[in-house]
1. Per residue of the range B:72-88, in order, report the coupling 6.51 cos²θ - 1.76 cosθ + 1.60 (Karplus, θ = phi - 60°) as ³J(HN,Hα) in whole Hz, putting x for Gly and Pro.
2. Compute the length gained on full extension between C:Glu192 and C:Lys43: take 0.36 nm times their separation in residues and subtract their Cα-Cα distance, giving the result in nm to one decimal.
3. Other chains near A:38-49: what is the mean number of their Cβ atoms within 10 Å of each residue's Cβ?
4. If packing is taken as the average count of other Cβ atoms within 10 Å, what order do C:199-207, C:42-50, B:64-72 fall into, highest mean first?
5. Sorting C:Ser158, C:Ser171, C:Ser212, A:Ser33 on the 10 Å Cβ count, fewest up front, what's the list?
6. Can you pull out the cysteines in the protein assembly as shown that have no other Cys Cβ under 4.7 Å?
7. What is the mean number of Cβ atoms from other protein chains located within 10 Å of the Cβ atom of each residue in peptide C:104-114, rounded to a whole number?
8. Please state the charge dipole magnitude for the range C:52-156, taken about the Cα centre, from unit charges on C-beta atoms (+1 on K and R, -1 on D and E), reported in debye and rounded to the nearest 20.
Amino acid sequence: MNEPRFPLGAAVQIRRAWPPGHVRAPWYLRGCSGSVCHIVGEFGNPEEMAYGRYDGTKLMLYRVRFRQSDVWPDYAGTPQDTLEVEVYENWLEPAQAEAAA
Amino acid sequence: MALRINISLTHTWAMTMDKNPHMRRHHDMGGMEAGPVDRAEHDYAPWEKRVDAILRLLSDPKRRILRVDELRRGIEDLGPGAYDELSYYERWIASISNMLIEKGVISIDELGRKMAEVEARHEAERAKGGTT
Amino acid sequence: MSDSHEHSHPHGQPHPFQPDIEDTPLTHHQLLELAVGELLMEKGIFTGDEFRRTLEDIDSRNPADGAKVVARAWVDPDFKARLLTDTISAAAELGVDAGTIPIMTVENTPDVHNVIVCTLCSCYPRLLLGLPPDWYKSRAYRSRVVREPRKVLAEFGSKIPDSVEVRVHDSTAELRYMVLPMRPEGTDGLSEADLAKLVSRDCMVGVTLPDSPLK
């Protein structure tokens, strides 16, 4: 397995990009910051697999945890509620703002 | 300071989305407004399970004719109207059919002919039951 | 979209592949399904036997397999640790073949309550829990549970205390998820089989909690 670009605990942000096509980074998380809570491993890129291209370079897949209050400006639950999603490395960049401690 | 920056980042896409609703694809529905969850369940009809079985066979390691990613892409590309009007397995079989045509596994011509044959057979069997 | 013939002939002979509603015309999509299936078999892509066996496998999967795994995890801490590390291997120890798509088990604790969704489609641990319920695939659930999980859980009758973190897992990529609920109060001395009976499908998705016999 290649070295993951982001280690466990890394503060990461989902890129704010809006391409068409088969994308697995949900719209509601684009531009949101969270932290890497699990490194899942390398998998085929769904953005290629979905179009019949099975043998391309694999991508590292991470699980990223977000605070709900960082995702929804009007989040009505409690401050410690979270969201965890799997994100492929091509959608992640280092968080631009310091994740709130 | 950090918290304020985070809030303005999350607001940015929300405001952009209002001007460009097509940025969000129809199936990508996390966070959208919706009514109460209807907990009623239906038993899966045999035809629905057969669709599931067809997909499992096409995508299994022995065959790898269709990937789940392709099924999903095909469903997403059905577009908002079909996505909302068709039932879950109707979307699946629509996607599977389109994908198989695209890949040349079946041709449009033979699919059309087979559908007509199946329909005629079905109607003949219904008719065999005799009059009311 | 669907053909609408106005026949009213009664039930005919069973079709070789047993269409469900012999009394009515086939819909466009039912026709597609039958035609695609027949063509694929004619082309040798799969056999009738493989088709039947796959259907039987689909029918054999139900939440009891997940419940069995949960009950064992409740009584055996080492098994639980293995379950959290590698769910498929742990399930195999109990004779459950949960396939090859990785499944991650997320554990409810006094501090964290987990809920599962797939906002993008309907990813679900089918080989451990069977086919998902309609609501899991519905617009309402997929849209709302990531944004207002506590309200959605309340619609299922579940009130999670404010002191507990609600953690929503959106199955966006390769993993499927199962919730390992907390063992309810008042279950000391219950057999594993009786413990498994307390574990419903809904509590392995995270929208409900297992009942306590004390209630």
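1. Result, rounded to whole Hz: 4, 4, x, 5, 4, 7, 5, x, x, x, 4, 4, 7, 7, 7, 6, 3.
2. 48.9 nm
3. Values: counts 2, 0, 5, 2, 0, 3, 3, 1, 9, 2, 1, 6.
That works out to 3 on average.
4. Going by the mean number of other Cβ atoms within 10 Å, highest first, we get C:199-207, B:64-72, C:42-50.
5. C:Ser212, C:Ser158, C:Ser171, A:Ser33
6. Taking the Cβ cut-off of 4.7 Å, the unpaired cysteines of the protein assembly as shown are A:Cys32, A:Cys37, C:Cys121, C:Cys203.
7. That average works out to 1.
8. Dipole size: approximately 520 debye.
The numbers here are math on the coordinates, done by the rules we state, and not lab data. Remember, predicted model here, so these are calculated numbers, not experimental data. Glycine gets a Cβ as well: all are built from the backbone with ideal geometry, and neighbour counts include every protein chain shown.
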